[in-house]
Amino acid sequence: MSACTRDEWMTVAAARLLANDSVCFVGIGLPSAACNLARLTHAPEIVLIYESGTIGTRPDVLPLSIGDGELAETAACVVPLPEIFSFYLQAGRVDVGFLGAAQIDRFGNLNSTVIGPYELPSTRLPGAGGAPEIALHARQVFVMARATPRSFVEQLDFRSSAGYLDGHGARARAGAPGGGPRAVITDFGMLAPHPGSEELQLVALFDGIGVEEARAAVGWPLKVADRLDTIAPPSTHELDTLRALNARTREAHARPVHIPL
Amino acid sequence: MSCQHLQLAEAIERFVHDGASVALEGFTHLIPFAAGHEIIRQRKRDLHLIRMTPDLVYDQLIGMGCARSLTFSWGGNPGVGSLHRLRDAVEHGWPHALELNEHSHAGMAAAFTAGASRLPFGVLRGYIGTDLPAHNPNIRRIACPFTGESLAAVPALNPDVTILHAQRADRAGNVAIDGIVGAAREAALAAKTLIVTVEEVVDALPPAMNGIVLPHWTVAAVVHCRGGAYPSYAQGHYARDNAFYQRWDTIARDRQRFLDWMDHHVLGTRDHRAFLASLQTEATA
């Protein structure tokens, strides 16, 4: 394997979590890259759904937006947006929801709404979009986020979507149908909920990275699971596939669009 | 109401009044940019803007001072980052304060569906464990009358005017839409008045199959406007200009640069055709 970036490593690590028979509701950005890498490597039959209503899409390049034409042209079907959320997500027909976020707390709750108070935020973020119900209904949720003490925080500024709420079964008691965040993939390794407290703890590190780096990147006292795994570096095939995908994507997004006047 | 074929300026002048609630829908695809620009040219004010994903067209409307409030569920530049004019309005009240009515996508979809059905509210199993209901009094809980289950309820959205862009209309005013449709159908039928700009006007629409058709008596006005979704896209006609979406980040980041750009390309052009021509001049300069 040639040297890879942390983004590449986390994308590969996230892709490996996806099974060939999964139905996966995909968020834009890093999750979209991971899901398509899985499809192009070990999971060719995976069903990818984007919230724009494209089901079973097989884009040749990564979409910049959630609704690029490439997603519609390569989909098994395209349905209206209310159907995606009602008939597929809310009805329990999604195995995996794959999300990103600006902030995450120790119970896997996510913030993508504001930094600071809601009425007068220091940073107004895009908002929740599809995430509240993806987080609620998918049988399991994977989250991808680069870790810093500003993003992995003790206290969220706003809860845009539910992880395990305050832990210890609070999510299930609140009536959330889905299983909640089963894995958080970050740029040092992976966190997963403790089976009892539901607090996220360190379960795996990238090969060559120490526990101290993980602790320094997380804004709460990070616990370490009894068993700590090592995530193997990307294989040549994984890395070549991802880089080719990214190169095709960059080229496609820079292509000029001409409107005949 | 019978459908009329109008010029864009006339349709906006006649149907979009100051203070109106206006939904320019289209989920990434078929966003009615030309109509948004015409609203800016006519300096409409005090609008209640409704749209699931505000996108660049609402960044422009908000930055040009057209909006009083925004009902939305995700306000970013997809895949790029922030809508800087939306952020400036929320964080600093520039050019003036903006009231937010914030939902999730599923909540907005339920509200449009209820609106299209002329029901008072939409219902969903949603919002559990989020802070959104604490900041939006229009997200409430109701008990299912049959099972007692607690569900989320949102009031129906019935915009005064919904504006869509579509690939085709026929001479009677029937409108056909292909590709990603988002909540366009629901927003269209929820509206008191529906305006549709189209890439082409044809004698007969292609067989509908699973495409969406809005029948002529639901449409107030059809406007022939080629390229009317640019820099968004019209499947089968032109692609989304992802490079423009990336470029917008630097244009919108700075107030003066934004105003200069709008002055030059929108206020300084008489219609959408001239807008597109001015951008092509810029691209080749």
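The values are calculated or read from the model by the stated rules, or taken from the named source; none is laboratory data. Since we're looking at a predicted model, the values are computed, not measured. Cβ atoms come from the backbone with ideal geometry, glycine included; neighbour counts cover every protein chain shown. These area figures cover heavy atoms from the full protein model, side chains too; ligands, DNA and RNA do not enter into them. Shrake-Rupley method; radii C 1.70, N 1.55, O 1.52, S 1.80 Å.
Numbers at a glance
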{"read-out": "Single match in A:PRO126, A:PRO193, A:PRO132 (criterion: open to solvent by less than 10 Å² (accessible area, probe 1.4 Å) and at pLDDT 95 or above)", "value": "A:PRO132"}
{"read-out": "Residue within region A:46-67 that is touching a residue at least 60 places away in the same chain (Cβ under 8 Å), within 14 Å of chain B (Cβ to nearest Cβ), acidic (Asp, Glu) and surrounded by fewer than 18 Cβ atoms within 10 Å (Cβ to Cβ) present", "value": "yes"}
{"read-out": "Those residues of region B:248-277 which are at the interface with another protein chain (Cβ under 7 Å from one of its Cβ atoms) and under 23 Å from B:GLU25 (Cα atoms), in sequence order", "value": "B:ARG273, B:LEU276"}
{"read-out": "Number of the exception - A:ALA72 against (1) more than 25 Å from B:THR130 (Cβ to Cβ); (2) surrounded by fewer than 21 Cβ atoms within 10 Å (Cβ to Cβ)", "value": "(2)"}
{"read-out": "One residue from B:GLY115, B:GLY81 being closer than 26 Å to B:TYR230 by Cα, out of contact with any strand residue (DSSP E or B) (no Cβ under 7 Å at 6 or more places or on another chain) and not basic (Lys, Arg)", "value": "B:GLY81"}
{"read-out": "Cross-chain or 6+ apart pairs with Cβ under 7 Å, region A:236-257 first and more than 9 Å from chain B (Cβ to nearest Cβ) and at pLDDT 95 or above, then part of a helix (DSSP H, G or I) and open to solvent by 50 Å² or more (accessible area, probe 1.4 Å)", "value": "A:THR241/A:LEU40; A:LEU245/A:LEU40"}
{"read-out": "Extreme residue, least open to solvent (accessible area, probe 1.4 Å), among residues of region B:28-50 that are assigned to a loop (DSSP other than H, G, I, E, B) and over 22 Å from A:GLY53 (Cβ atoms)", "value": "B:LYS44"}
{"read-out": "Spans of strands (runs of 3 or more DSSP E) in region A:106-215 with at least 2 residues closer than 21 Å to A:VAL23 by Cβ and within 8 Å of chain B (Cβ to nearest Cβ)", "value": "none"}
{"read-out": "So A:GLU198, is it in contact with a Lys or Arg (Cβ under 8 Å, 6 or more places away or on another chain) and surrounded by 19 or more Cβ atoms within 10 Å (Cβ to Cβ)", "value": "yes"}
{"read-out": "Unique match (being without any contact (Cβ under 8 Å) to a residue 40 or more places away in the chain and either assigned by TED's automatic domain parsing to the domain that holds B:ALA220 or not aromatic (Phe, Trp, Tyr) (or both)) among B:LEU100, B:LEU157, B:LEU189, B:LEU164", "value": "B:LEU100"}
{"read-out": "Criterion violated by A:ILE185 - all others in (1) open to solvent by 10 Å² or more (accessible area, probe 1.4 Å); (2) of a type in the set (Val, Ile, Thr); (3) in contact with a Phe, Trp or Tyr (Cβ under 7 Å, 6 or more places away or on another chain) satisfied", "value": "(1)"}
{"read-out": "Conditions (1) more than 10 Å from chain A (Cβ to nearest Cβ); (2) within 22 Å of the chain's Cα centre (by Cα); (3) not in a strand (DSSP E or B); number of the one not met by B:VAL154", "value": "(3)"}
{"read-out": "Residue match in region A:188-197 (condition: among the hydroxyl-bearing types (Ser, Thr, Tyr) and in contact with an Asp or Glu (Cβ under 9 Å, 6 or more places away or on another chain))", "value": "no"}
{"read-out": "Among (1) open to solvent by 10 Å² or more (accessible area, probe 1.4 Å); (2) touching a Phe, Trp or Tyr at 6+ places or on another chain (Cβ under 9 Å); (3) more than 27 Å from B:LEU70 (Cβ to Cβ) - the single one A:PHE98 does not satisfy", "value": "(1)"}
{"read-out": "Checklist (1) surrounded by 15 or more Cβ atoms within 10 Å (Cβ to Cβ); (2) more than 13 Å from chain A (Cβ to nearest Cβ); (3) within 30 Å of B:HIS272 (Cβ to Cβ) applied to B:ARG171, failing item", "value": "(1)"}
{"read-out": "Where B:VAL213 falls short, out of the listed (1) in contact with a strand residue (DSSP E or B) (Cβ under 6 Å, 6 or more places away or on another chain); (2) open to solvent by less than 50 Å² (accessible area, probe 1.4 Å)", "value": "(2)"}
{"read-out": "Matching residues in region B:232-250 - criterion: being open to solvent by less than 10 Å² (accessible area, probe 1.4 Å) and of a type in the set (A, V, I, L, M, F, W, C)", "value": "B:ALA234, B:PHE244, B:TRP248"}
{"read-out": "Selection status of B:ALA208, in contact with a helix residue (DSSP H, G or I) (Cβ under 6 Å, 6 or more places away or on another chain), surrounded by fewer than 18 Cβ atoms within 10 Å (Cβ to Cβ), more than 24 Å from B:HIS105 (Cβ to Cβ) and in the same structural domain as B:GLU38 (by TED's automatic domain parsing)", "value": "no"}
{"read-out": "Residue check for B:ASP88: in contact (Cβ under 8 Å) with a residue 24 or more places away in the chain and farther than 16 Å from B:ALA183 by Cβ", "value": "yes"}
{"read-out": "Within region A:20-46, tally of residues that are in a strand (DSSP E or B) and among the aliphatic types (A, V, I, L, M)", "value": "2"}
{"read-out": "Residue in region A:84-95 that is surrounded by the most Cβ atoms within 10 Å (Cβ to Cβ), counting only those that are more than 9 Å from chain B (Cβ to nearest Cβ) and part of a helix (DSSP H, G or I)", "value": "A:TYR88"}
{"read-out": "Unique residue being in contact (Cβ under 8 Å) with a residue 60 or more places away in the chain, within 12 Å of another protein chain (Cβ to nearest Cβ), touching a helix residue (DSSP H, G or I) at 6+ places or on another chain (Cβ under 9 Å) and in a helix (DSSP H, G or I) when the list is B:TYR230, B:TYR245", "value": "B:TYR245"}
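Listed here are the residues, each with its yes/no results for (1) over 10 Å from the mean Cα position of the chain (by Cα); (2) more than 14 Å from every other protein chain (Cβ to nearest Cβ).
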{"site": "B:PHE27", "(1), (2)": "no, no"}
{"site": "B:GLN42", "(1), (2)": "yes, yes"}
{"site": "B:MET52", "(1), (2)": "no, no"}
{"site": "B:TYR58", "(1), (2)": "no, no"}
{"site": "B:CYS66", "(1), (2)": "yes, yes"}
{"site": "B:GLY81", "(1), (2)": "yes, no"}
{"site": "B:HIS92", "(1), (2)": "yes, no"}
